[in-house]
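Input: a single structure, listed below in structure tokens.
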Amino acid sequence: LLQDEEEIHDEHRALGLSYQASAQLRLGALAAAEDSSRSALTLLPGLYSASYTLGEALFLKKDFAGAQAALMSAYRAAPGFATDVDHAMLAEILDAKGQPSEALPHRFALAHLEPNDVERWRESARTSEAAGSWARAHEAWLVISASTLPGFAANGEALSGAARAAVAAPSH
């Protein structure tokens, strides 16, 4: 199908290569997935699925700079498509690079995608503190301290964090 030049256009070939890259990635063929993704992006620059698959392959190969560029390209192309895995990879990369302000929206997106996950809220609070975003830190610590879910209630760390963030926040 991908070789039929008369019936298939570059957009179709790009989508086919993107699907191929995704299958190769799932099979653990990271180099092949990277090559197929790059071929798809040559035919159709900005294709979300190819950018995402390239980013995931590079992330698994521990090429974090390349993964960040590809994942951010996918995220900018279609922010509504971002899943918890997308946000987790981006947050991890950005935190590792010492960019907590850039990681922050991804940490909060993770927390909002799974609002009952206490660890996601803690990571949001800690990343907020590292970024100096005290209002966001206060918000995250309050969610933890106010919850009645098991593991949330009577959480001294959350109450302490909320108080610390409230004190550190600049007054307007």
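A few remarks follow.
- Quarter of Cα convex hull surface for the range 63-151, i.e. mean projection, nm²: 5.7
- Within the assembled protein chains, the solvent-accessible surface assigned to Thr83 is about 60 Å², based on a 1.4 Å probe.
- Taking 0.36 nm per residue of separation and subtracting the current Cα-Cα distance, fully stretching the chain between Arg26 and Ala65 would add 11.9 nm.
- Size-normalised alpha-carbon gyration radius of the range 1-121, reference 2.2 N^0.38 Å: 1.14
- When only Cα pairs below 8 angstrom with a gap of at least 6 residues are kept, the range 1-150 shows a relative contact order of 13 percent.
- Charge tally for Glu56 (other residues, Cβ to Cβ under 15 Å; Lys, Arg +1; Asp, Glu -1): -2.
- At 1.002 mPa s and 20 °C, Stokes diffusion of the range 106-148 via Kirkwood alpha-carbon radius, µm² per second: 217
- Shape class for the range 13-66, computed from the alpha carbon gyration tensor (a ≥ b ≥ c): oblate, with a/c not under 1.5 and a/b at or below b/c.
The values are calculated or read from the model by the stated rules, or taken from the named source; none is laboratory data. Everything numeric in this text was worked out from a predicted model, so none of it was measured. Note that we place each Cβ from the backbone using ideal geometry, even for glycine, and neighbour counts take in every protein chain shown. Accessible surface areas use protein heavy atoms only, side chains included; no ligands, DNA or RNA. Shrake-Rupley method; radii C 1.70, N 1.55, O 1.52, S 1.80 Å.
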